[in-house]
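Asker: So that we are looking at the same thing, I have put the structure below in structure tokens.
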Amino acid sequence: MNTGNVPMKSEERISLLLRALYEQYGYAQYKMSKFEEYDLYVSNKDFLISDSVITFTDTNGKLMALKPDMTLSIVKNTKDAAGTLSKVYYDENVYRVSKGTHSFKEIKQVGLECIGDLDAYSLYEVLMLAAESLQSISGECVLDISHLGILSGVLESLGVSEDVQNDLLRCMGEKNPHELTAICKANAIQDEDIDLLKALISLYGTPKEVLPKLAALLQGKIDEALLKNFTEILEAFQGSPLQSMLRIDFSVVSDMHYYNGIVFKGFVKGIPDSVLSGGQYDKLLQKMNRKSGAIGFAVYLDLLERMEESSKDFDVDILLLYTEGTTLSNLRDAVARLSARGDRVMVQRAVPEKLRARQVMKLTNGEVELLEDNA
Amino acid sequence: MKTMLNVALPKGRLGEKVYNMFDQAGFPCPSILENSRKLIFENEECGVRYFWVKPSDVAIYVERGAADVGVAGKDILLEYNPDVYELLDLDIGKCRMAVAAKKDFRDDQQKTLKVATKFTNIAQRFYASMGRDIDIIHLNGSIEIAPILGLTDVIVDIVETGTTLKENNLEVIDTIVPISARLIANKSSYKFKNQQIDKIVSDIAKQMEGKND
């Protein structure tokens, strides 16, 4: 059967492209059940994007949940093995409360996780695959990159409580210099440090533009190895066509209890939300008493609906009407003839309400007559 | 074709002030000043499109990307918590979110406090931070009469001059947070219309510095 003229939704087309891309780099597809024990989410509630989970009691009395997230299940099912990495990708539905409707929604998500003995190459590879994933969605895209290790280093050096650090981190996420200044003043943070935080908020640009400024700003402020590691990974993109879509932006923030290194978000022109989100989350594994590091990302395919080109002009190419008394064989032959040309043919006895057909035809005594041509 | 920057302005006096700031920042659109019922105004040459929306809706237009930037009160941002960048405090439309009660009100800590408000989330967060048990009654307007009629003990509302409170025999007993108008931007638009948005932010910041000098 020829599937060439079946219109494919962006979501379907991109899911295929992404799977091919991840397979190319040796990531294996991870298939799993839709359910997970609820306990897993209770103990890691803050890791989830929304803490509402659909739960039900299984036949054995266990409280189960429809997966709101894939990462926790994947992490749970991998083992630590020194010197090696588990590289997996998934293409699954998750169940979360949608921001707009405040009700549960099934969300199609494609993503990958790299868990194990991470090094600079594995971090680069995941970042590169995130950038390539965005490129598969649209040529006009941006990958914003931040480093939570650097940010938490700066925040910890201020000598303020964790609550204040979290408030400051929220302001960084909002690119909100005025509230940040007010919080700093209320907590007797020195002007020099306020200026540093404000400078970090306003930094935005390609690694080539921003890295030298960042090095100057952070001199003596944080562990130098962090900045060196960040720079090394970003400089690995030199000469790659992906380089122009990378932006350093410290407004990309995540929960510091789980994430510790590079964090990133991907944006595509025409979609108001980030379509890709990811980062290095070694701290989640530490909480689970694991030795491995981990980095991964997810692409939210449900958002791509907004990118669909203008809606289809016609629901079908040909609407074929027939009257009572038309023989079944005449009808069968007429449909076979018309659809052989590659047209989408719908057979009806009367014109359905609101149906848009390119051509309306009528079958009378074995002959097809054109009634309307809307092309 | 020039990329158009979509700006959501809050209808009313505040919106007109904000437009003047954008105008001076190099994004004029004189047709907006004509007295008409039109809601959308464009200046293709400058690459800007303004539209008037209900002040409480500005954040929604920006969060959902129908507007690239907009101006919203901090009250709306705190209440709805939209996922947007808050780039600048415009220092206009200043007021405060406050708790008010009848002049003879005595707070009995052992009772659940009944609170009337339009700003449910702000009120809830404020009392939760103090560990106080409250009963929220959501009202859409004329909040001031709730304590007078005995519907609630206190109200949480915006207080500008305090005249309405005074005329109704109420007084402020606590200030929750100062409020002013903020310049907000859609996170995705910030990436793709960065130069235009940056220019607006820096030009308006300069105008404000000039006024403060």
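The values are calculated or read from the model by the stated rules, or taken from the named source; none is laboratory data. Quick caveat, the model's predicted, so the values are computed rather than measured. Cβ: placed from backbone, ideal geometry, glycine included. Neighbour counts: every protein chain shown. Surface areas here come from the heavy atoms of the whole protein model, side chains and all, with no ligands, DNA or RNA. Shrake-Rupley method; radii C 1.70, N 1.55, O 1.52, S 1.80 Å.
Asker: For chain A, what is the calculated [θ] at 222 nm in deg cm²/dmol (nearest 500), taking -39500 (n - 2.57) for each run of four or more DSSP H residues and dividing by its residue count?
Answerer: That calculation yields -10500 deg cm²/dmol at 222 nm.
Asker: Then there's this: Over the Cα atoms of chain A, what radius of gyration and what Dmax do you get, in Å?
Answerer: 26.8, 92
Asker: Which of the lysines could be linked to residue A:291 by a straight reach, that is with a Cα gap under 20 Å, when you skip same-chain ones fewer than 8 residues away?
Answerer: A:76, A:79, A:87, A:283
Asker: Just to be sure I understand: if I project the alpha-carbon convex hull of the stretch A:276-375 onto a plane and average over all orientations, what area do I get in nm²? Don't skip to the answer; put the middle values down first.
Answerer: Details: hull surface 47.1 nm².
The directionally averaged projection comes out at 11.8 nm².
Asker: Could I ask something else about it? What's the FRET efficiency of residue B:94 with residue A:215 using the Cβ-Cβ distance as r and R₀ = 35 Å, to the nearest 0.05?
Answerer: Numbers: r = 40 Å, r/R0 = 1.14.
Efficiency for this residue pair is about 0.30.
Asker: Given a cut-off of 27 Å, name the pairs among B:54/B:118; A:9/A:31; A:99/B:193; A:354/B:187; A:9/A:62 whose C-alpha atoms lie farther apart than that in the structure shown.
Answerer: Among B:54/B:118; A:9/A:31; A:99/B:193; A:354/B:187; A:9/A:62, the Cα-Cα distance tops 27 Å for A:354/B:187; A:9/A:62.
Asker: Let me ask something else. Only protein chains counted, 1.4 angstrom probe. Which residues of the stretch B:157-188 are at least 40 Å² less accessible in the assembly than when their chain is isolated?
Answerer: At a threshold of 40 Å² (probe 1.4 Å), the residues of the stretch B:157-188 that become less exposed are B:188.
Asker: Would you mind computing, in nm to one decimal, how far apart the modelled labels at residue A:324 and residue B:138 are, each placed 7 Å from Cα along Cα→Cβ?
Answerer: Reported label-point gap for residue A:324 and residue B:138 is 5.5 nm.
Asker: Please name whichever of B:136, A:196, A:307 sits farthest to the positive end of the charge dipole of the protein assembly as shown, dipole taken about the Cα centre and charges placed at Cβ: Lys and Arg +1, Asp and Glu -1.
Answerer: Checked the options; the winner is A:307.
Asker: While we're looking at this one, here's another question. Going through the stretch A:11-66, which trypsin sites (Lys or Arg not before Pro) have at most 10 other Cβ atoms within 10 Å and a DSSP loop state?
Answerer: A:31
Asker: Here's another thing I want to ask about it. Check each residue of the stretch A:240-288 and keep those whose accessible area, probe 1.4 Å, is at least 30 Å² smaller with all protein chains in place than in the chain alone; give them in order of residue number.
Answerer: The answer is A:267, A:269, A:272 - residues whose exposure falls by at least 30 Å² when every protein chain is included.
Asker: Choose one of B:195, A:88, A:178: the residue whose Cα lies farthest towards the positive end of the charge dipole of the protein assembly as shown (beta-carbon charges +1 Lys, Arg; -1 Asp, Glu; about the Cα centre).
Answerer: Looking along the dipole axis, the top candidate is A:88.
Asker: Under a crude label model (7 Å from the Cα following the beta-carbon direction), how far is residue A:166 from residue A:93 in nanometres?
Answerer: It works out to 3.4 nm between the two label points.
Asker: Further question on the same structure: Which percent of the accessible heavy-atom area of the protein assembly as shown goes to carbon and sulfur, probe 1.4 angstrom? Please report the intermediate quantities before stating the final value.
Answerer: Numbers: 13990 of 29440 Å².
Within the protein assembly as shown, the accessible surface is 48 percent carbon and sulfur.
Asker: Quick query: amide H of residue A:205 versus all other amide H atoms, modeled in the peptide plane; which residues come in under 5 Å with a sequence gap of 5 or more or a different chain?
Answerer: Under 5 Å from the amide H of residue A:205: A:248.
Asker: Separate question: Any chance you could give the angle, 0 to 90 degrees and rounded to 10, that helix A:224-235 forms with the longest Cα principal axis of chain A?
Answerer: 30
Asker: Another question about this same structure. Taking the solvent-accessible surface of protein heavy atoms with a 1.4 Å probe, what is the per residue accessible area of chain A in Å²?
Answerer: Per residue, chain A has an accessible area of 49 Å².
Asker: Can you give the accessible area buried between chains A and B, summed over both chains, with a 1.4 Å probe, in Å² to the nearest 100? The partial results should precede the final answer.
Answerer: Values: alone 19200 and 11890 Å², together 29440 Å².
Result for this pair: about 1600 Å² buried.
Asker: Sticking with this structure for a sec: Rounded to the nearest 5, what is the percent of antiparallel bridges among the DSSP beta bridges in the protein assembly as shown?
Answerer: 70
Asker: Now for a different question. Taking 20 Å² as the minimum loss, tell me which residues in the stretch A:173-199 lose that much accessible area going from the chain by itself to the full protein complex (1.4 Å probe).
Answerer: Relative to the lone chain, where solvent access is computed with a 1.4 Å probe, the stretch A:173-199 loses at least 20 Å² at A:173, A:174, A:175, A:178, A:179.
Asker: Let me ask something additional. Apply 1/(1 + (r/R0)^6) to the Cβ-Cβ distance of residue B:20 and residue B:195, taking R0 = 22 Å, and write down the FRET efficiency to the nearest 0.05.
Answerer: Values: r = 22 Å, r/R0 = 1.01.
Efficiency, from the Cβ-Cβ distance: 0.50.
Asker: Given the options A:323, A:348, A:361, identify the residue whose Cα lies farthest towards the positive end of the charge dipole of the stretch A:314-373 (+1 on Cβ of Lys, Arg; -1 on Cβ of Asp, Glu).
Answerer: A:348
Asker: Between residue A:39 and residue A:375, 0.36 nm times their residue separation minus their Cα-Cα distance comes to what?
Answerer: Additional length available on full extension: 115.2 nm.
Asker: Using the crude model of +1 on Lys and Arg Cβ and -1 on Asp and Glu Cβ, and no other charge, please compute the dipole size for the stretch A:314-373 relative to its Cα centre, in debye to 20.
Answerer: Working: 9 positive and 10 negative charges, 36 e Å.
Roughly 180 debye for the stretch A:314-373.
Asker: Compute the long axis of helix A:177-186 from its Cα atoms, compare it with the longest principal axis of the Cα atoms of chain A, and write down the angle in degrees, 0 to 90, nearest 10.
Answerer: Tilt of helix A:177-186: around 30 degrees.
Asker: Mind putting a number on the dipole of the protein assembly as shown about its Cα centre? Charges go on the C-beta only, +1 for Lys and Arg and -1 for Asp and Glu, and I need it in Debye to the nearest 20. Provide the component values of the computation, followed by the final result.
Answerer: On the way: 69 positive and 86 negative charges, 159 e Å.
Charge dipole of the protein assembly as shown: 760 debye, to the nearest 20.
Asker: Report, to the nearest 10°, how far helix B:120-129 tilts away from the longest principal axis of the Cα atoms in chain B, using its own Cα long axis and a range of 0 to 90°.
Answerer: Helix B:120-129 and the main axis of chain B meet at about 60 degrees.
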